[in-house]
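A short worksheet on the structure shown next.
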Amino acid sequence: MKKVLAILLAMVFCMSAFAACGGNSGGTSAPASSEQGSSAESQQSAPPSSTSSDGAPVPLVFWHSMGGRNGEAIDALVESFNASQSDYVVETQYQSNYDDAITKLRSTPKGSGPDIMQLYDIGLRWMIDSGYSLRVQDFVDRDNYDISDIEPNIAAYYTMDGVLYGLPFNSSTPCIVYNKEALEAAGVDPLTDLGDFEAIKAAAQKVVDAGICDIGVAIPNYGWLFEQWVLKQDSDYVDNGNGRADRATKVVFDSTGAGEKIVAAWQDIVKQPYAAHLGDTDATKLVFGQGGVAIIMESCAVYANMQSAADGQFNVGLAPLPNISASDTGGPSVGGGALYIMDNGDDARANGAWEFIKFAATPDEQANWSMRTGYLPISRGATEVDVYKNYVNNENPDFMLIIEALRGSRPDRAGAVMGVFTRARKIVQDEIEVAINNPDLNPADVVNKIASQINDEIEVYNKTNK
């Protein structure tokens with residue numbers, strides 16, 4: 001490359017300026033660079049530190065949690081990056097699910113882990129507090145990198161006090177997943193007849209009464225849905241601005257009444273003869289794919305897999321997540337995960353990780369990623385890529401409805417952040433399971449039990465992560 005010599009010389013002069021930033025900022029600063037003006041809409045530019053000391057490409061390790069079809073899409077992305085340049089070689093290492101990945105990272109000495117880490121949304125607070133990663137914002141600022149192409153409501157989740165910590169990657173939002181033929185035969189219009197829980201109940205009854213499916217609706221026991229329905233009520237999950245103005249110290253969905261409304265609605269719908277509780281997300285998706293249930297609530301990221309599971313028996317549709325009540329004014333938040341640049345004390349590897357995640361964010365790559373997986377593209381420009389325009393406008397118009405639903409949310413309602421979200425989600429699911437199987441339990445008592453346990457977890461976390 002023409003710029004390599006100049007870049008290497010510049011790095012000699014800059015080396016003394018490389019310093020770590022400690023404290024609560026959550027990681028060190030980006031290595032200095034002579035490159036400026038990168039853009040989310042452009043392909044790879046000449047990296048600031050391109051090769052290892054022996055002139056060979058810099059090896060990079062990428063930990064991810066994508067199996068099956070999504071894992072194949074990860075491999076395709078990495079192959080595309082490796083073929084696009086000769087300065088870095090990324091190796092993927094599958095780490096099972098998100099919980100297993102973060103557990104392994106916690107037990108890995110800082111500096112000896114991966115160079116690039118895919119971590120779920122609810123790991124944000126821990127990633128900030130642990131200091132394992134470098135702040136993406138520092139690289140953005142250093143290179144004058146244009147992030148305006150990233151969907152604002154997606155970037156907002158990973159931004160705290162104006163600092164972007166991870167670059168969004170596999171982004172999703174909750175939605176209704178439905179059997180198109182079943183709803184059509186029952187005379188249910190998914191655009192107008194699925195807006196809130198009362199509407200869902202009426203639609204599910206029509207499906208069962210028509211003898212189309214044995215089960216009209218099933219809601220999987222998934223803590224993420226509870227979190228989303230708090231937001232749909234335009235309410236907070238935890239205090240201190242949903243954990244964004246300062247660390248969360250307690251939940252607030254108990255005092256606002258948002259949690260009680262969710263539990264009451266959930267219990268009520270399960271009582272109905274046209275509904276059923278099928279278990280967790282995997283069990284619910286299995287029955288849906290077999291045509292046994294017409295309407296479920298899930299992540300839009302299951303779209304491709306559900307189409308495959310239906311195997312031509314029926315077509316899969318998507319619609320925005322219903323409100324608890326018709327008067328709710330909130331919107332959904334983003335789920336999924338982001339890519340983090342890990343702090344391994346090696347500037348060449350850190351810069352290579354930055355080059356890779358920029359590549360992953362380009363419109364073309366995001367369009368390919370979305371079509372292969374069902375995740376939302378984080379790049380607004382992806383929806384202008386010809387092949388993707390055809391995908392959402394002609395082949396899968398329901399998917400554009402979900403993109404627009406997220407775009408309709410407010411960035412200032414990006415979702416809660418706390419260091420014990422993994423544990424909190426498990427607590428919610430355990431107590432919701434009890435409430436569903438005992439529909440006469442007082443919803444307020446259920447919520448108070450959830451709140452008490454999560455508050456204990458938050459207190460311990462804050463004392464041990466000062």
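What to note about this one:
- Proximity of backbone amide H atoms, modeled 1.01 Å from N, is registered between TYR274 and no other residue at under 5 Å, excluding neighbours fewer than 5 places apart on the same chain.
- In plain terms, the chain from SER86 to ASP268 could stretch by 59.7 nm, reckoned as 0.36 nm per residue minus the Cα-Cα distance.
- Stokes-Einstein D for the chain, Kirkwood Rh over Cα pairs, 25 °C, 0.890 mPa s (µm²/s): 106 µm²/s
- For the stretch 89-222, relative contact order (Cα pairs under 8 Å, six or more residues apart, normalised by length) works out to 13 percent.
- Acute angle (nearest 10 degrees) that the helix 363-373 long axis makes with the longest principal axis of the chain, alpha-carbon atoms: 40 degrees
- Once the Cβ-Cβ distance of ASP141 and LEU286 is raised to the sixth power relative to R0 = 45 Å, the FRET efficiency obtained is 0.45.
- Residues with amide H under 5 Å from that of ASN221, placed H, sequence gap 5 or more: GLY279, ASP280, THR281
- Its DSSP H runs of at least 4 residues, each contributing -39,500 (n - 2.57), put the calculated 222 nm mean residue ellipticity of the chain at -13000 deg cm²/dmol, to the nearest 500.
- Dividing the Cα radius of gyration of the stretch 416-457 by its Kirkwood radius returns 1.00 for Rg/Rh.
- Packing here is the average count of other Cβ atoms within 10 Å per residue, and on that basis the peptides 401-411, 132-142, 246-256, highest first, run 132-142, 246-256, 401-411.
- Taking every DSSP beta bridge that has both ends in the chain, the antiparallel portion is near 65%.
- Of the peptides 281-294, 147-160, the ranking by mean beta-carbon count within 10 Å, highest at the top, reads 147-160, 281-294.
- Mean projected area (nm²) of the alpha-carbon convex hull when the stretch 395-466 is viewed from all directions: 7.9 nm²
- Lysines whose Cα lies under 17 Å from that of LYS466, excluding same-chain neighbours fewer than 8 positions away: LYS250
- Computed from the C-beta positions of THR192 and THR249, the FRET efficiency with R₀ = 56 Å rounds to 0.85.
- Cα-based reach from LYS201 at 23 Å (exclusive), listing lysines while leaving out same-chain residues under 8 positions away: LYS180, LYS232, LYS261, LYS271, LYS285
- An oblate overall shape is assigned to the stretch 347-431, the ratio a/c of its alpha-carbon gyration tensor axes (a ≥ b ≥ c) being 1.5 or greater and a/b not exceeding b/c.
- Using a Förster distance of 30 Å, the FRET efficiency for ASP209-LYS389 (Cβ separation, nearest 0.05): 0.15
- Annotation: amide H of SER172 within the under-5 Å range of GLY335, GLY336, GLY337, LEU376, sequence separation 5 or more or interchain, hydrogens built in the peptide plane.
Just so you know, all these numbers are worked out from the coordinates, no wet-lab data involved. From a predicted model like this one, the values you see are computed outputs, not experimental measurements. With ideal geometry, Cβ positions are generated from the backbone for all residues, glycine too; neighbour counts draw on all protein chains shown.
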